[in-house]
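Heads up: the structure comes next, in structure tokens.
The values are calculated or read from the model by the stated rules, or taken from the named source; none is laboratory data. These numbers come from a predicted model, not from an experiment. Cβ sites come from the backbone with ideal geometry, for glycine too, and all protein chains shown count toward neighbours.
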Amino acid sequence: MFRGTFALLQQALRTDSRKLSTHLFMLLFVAGILIMLYATEQGSSRRSAPGKEFFTSICYLNYGAIILAGLGFFSSAITEEKEDGTLGLLKMTGMSPLVLLLGKSTSRLIYALILLSVQVPFVLLSITLGGVMLNQIIAAYVGLAAFLIMVANFGLLASVIGRNSRQAIALMVILAVVYIVLLVIMIVIVESTRRSMPGTLFRDQVEDVLEFFALNHVIYRISEVIMQTGFNESPFSWQVWGNLAQGGFYFLFSWVLFEPCTASSLQTDSGPERADLFKTRKTDGKNRNRGRAWDLALAWKDFHFIAGGFSSFLFKYILYSLIIGLICFLIYLGENFHWGMQREDLSWLLISFSLVILAIELCVYAARIFQDEVRWQTLSVLVMLPLSIPQIAYQKIAGCLWGLVPITTFLLLGCALAPENVFEFLENVFFNEYGFFIILMILGFCVAFLHLIAYLSLYVKWGAIPVAIGVTVFFLTCCGIGTGAIFDGGGGGDGGFYVFSFVWIGIFGVITVVLHILTGEKLRDLAAKK
């Protein structure tokens with residue numbers, strides 16, 4: 001009985017263990033740790049506890065990697081089978097839901113735990129640098145492992161519920177944001193109560209609840225408890241048991257919901273979905289009228305399929321207005337029910353919010369712009385049009401950029417509320433000896449990062465953004481050491497800053513050009529395949 005239950009799990013583990021990419025990824029991850037260790041050792045003379053700083057940065061790196069893995073690796077465990085139309089075939093073989101869940105998700109969890117464990121022998125070297133002890137390392141990694149199990153099974157639950165990987169990722173993000181917002185509201189309430197009713201029982205009770213929630217979050221426990229001097233607690237804390245219990249609950253819930261959520265898995269989609277937030281199913285064999293196509297038909301197609309069309313404009317305006325209103329309400333509570341925001345403050349709030357959302361939307365569009373064409377193998381059809389590969393790509397980019405109209409509206413509104421601040425900022429950028437080069441480096445990084453996402457989306461089904469973030473962190477860590485040496489060699493000051501700026505601007509420029517060329521070549525190769 002148990003042998004049959006774990007048959008798919010064993011087969012998945014054996015397949016992964018024989019892949020060269022599996023071992024290369026582990027090697028690159030360990031290499032990144034060794035490079036960070038080398039950089040820490042080189043600057044150890046200027047730090048009081050270099051080992052503690054190194055180990056803390058490794059913990060933060062692992063925490064971020066686990067979050068990214070949850071969004072791009074664990075959340076596609078079941079949805080990738082739904083999208084490929086193979087889940088129904090697997091169910092027809094007589095495999096039980098438990099067999100499928102273990103084989104498709106637990107195998108990925110075991111691989112991630114192995115990746116976490118291979119770091120330990122190298123991280124132990126931080127003890128020799130000072131500031132950290134063996135029991136702290138063990139406690140931190142036990143906490144990270146428990147957090148990984150919880151995130152993996154939460155991603156599995158989202159993958160079972162979602163019809164595709166996009167919905168699964170959206171579900172994880174929405175629930176995480178709701179949790180953070182509720183926690184922030186509780187913190188604001190405590191701060192307001194502390195000023196209005198100091199020493200009350202209500203405030204003390206709420207603070208105890210907040211502390212309980214905080215201590216059950218791995219990164220807070222690592223920074224505020226484990227890394228404190230004199231730590232001598234058991235590695236199996238409430239955070240570990242709580243995360244393990246949540247992980248078990250998510251897995252059992254996924255098991256219960258598997259059949260109801262995959263009952264229609266035998267029905268496969270015949271084409272890509274429109275990213276329409278208000279779409280309806282086909283009625284009487286007809287779709288809702290989308291209007292006449294533009295002269296740039298590919299731009300029109302991607303505007304409706306990827307950007308969501310005009311219906312998404314209304315949704316975005318409402319959603320962004322509600323978020324900004326919630327932020328203003330929290331500020332109002334934090335100031336003890338007193339509205340102290342001036343016109344300039346609201347302007348900077350709108351501009352900051354718009355820039356963050358703009359960056360997120362650009363990353364999402366970069367990941368999706370070629371993904372549907374690759375998935376549905378429609379590039380070979382597109383190249384039959386009297387258009388070159390660059391023309392096809394640029395029309396698709398133009399269609400996606402139309403989806404940025406709502407957030408651009410909020411950005412312009414923020415600039416219009418306080419134009420004097422905008423002019424002052426532009427003056428500091430273009431007439432400051434450092435500001436112009438800093439802006440160039442930021443823009444160069446953004447353009448190179450978007451190219452990296454688009455290029456990786458041609459190779460990975462889902463998770464191009466998390467993979468791109470991981471590659472970028474590794475690359476910046478490696479190059480940061482070399483450019484830091486160049487900066488020191490430049491003698492610091494203005495000369496060292498200019499050398500540093502020109503090196504990084506050149507690096508981002510070269511990366512952008514190379515990725516641009518490689519993306520075009522990869523698109524031609526994919527279009528040539530039938």
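Each row is one residue, and each column tells you yes or no for (1) outside any helix (DSSP H, G or I); (2) in contact with a Cys (Cβ under 9 Å, 6 or more places away or on another chain); (3) buried (at least 17 other Cβ atoms within 10 Å of the Cβ).
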| residue | (1), (2), (3) |
| --- | --- |
| 438 | no, no, no |
| 442 | no, no, no |
| 448 | no, no, yes |
| 451 | no, no, yes |
| 454 | no, no, yes |
| 461 | yes, no, no |
| 467 | no, no, yes |
| 470 | no, no, yes |
Answer residue from region 209-263, given it is under 27 Å from the mean Cα position of the chain (by Cα) and assigned to a loop (DSSP other than H, G, I, E, B) and is modelled with the lowest pLDDT among those: 216
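Anything in region 230-240 that is aromatic (Phe, Trp, Tyr) and in contact (Cβ under 8 Å) with a residue 40 or more places away in the chain? List them, or say none.
Matches in region 230-240: 231, 236.
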Across region 350-407, which residue is modelled with the highest pLDDT among those that are crowded, with 20+ Cβ neighbours inside 10 Å and basic (Lys, Arg)? 396
The one condition residue 116 fails out of (1) outside any helix (DSSP H, G or I); (2) surrounded by fewer than 20 Cβ atoms within 10 Å (Cβ to Cβ) is (1)
What about residue 110, is it assigned to a helix (DSSP H, G or I), surrounded by fewer than 17 Cβ atoms within 10 Å (Cβ to Cβ) and aliphatic (A, V, I, L, M)? yes
Test: residue in region 74-86 that is in contact (Cβ under 8 Å) with a residue 24 or more places away in the chain and within 28 Å of residue 221 (Cα to Cα): yes
Being surrounded by 15 or more Cβ atoms within 10 Å (Cβ to Cβ) and of a type in the set (Phe, Trp, Tyr) is the requirement here; does residue 423 meet it? no
Can you work out which of the residues in region 339-349 that are in contact (Cβ under 8 Å) with a residue 12 or more places away in the chain and of a type in the set (A, V, I, L, M, F, W, C) is surrounded by the fewest Cβ atoms within 10 Å (Cβ to Cβ)? 341
Restricting region 12-62 to residues that are charged (D, E, K, R) and part of a helix (DSSP H, G or I), the one farthest from residue 124 (Cα to Cα) turns out to be 14
Can you tell me which of (1) closer than 26 Å to residue 237 by Cα; (2) surrounded by 18 or more Cβ atoms within 10 Å (Cβ to Cβ) is the one residue 130 doesn't meet? (2)
Residue 317 versus (1) in contact (Cβ under 8 Å) with a residue 60 or more places away in the chain; (2) surrounded by fewer than 17 Cβ atoms within 10 Å (Cβ to Cβ); (3) more than 24 Å from the chain's Cα centre (by Cα): which is the lone unmet condition? (3)
If you go through region 494-508 one residue at a time, do you hit one that is outside any helix (DSSP H, G or I), at pLDDT below 80 and more than 30 Å from residue 385 (Cα to Cα)? no
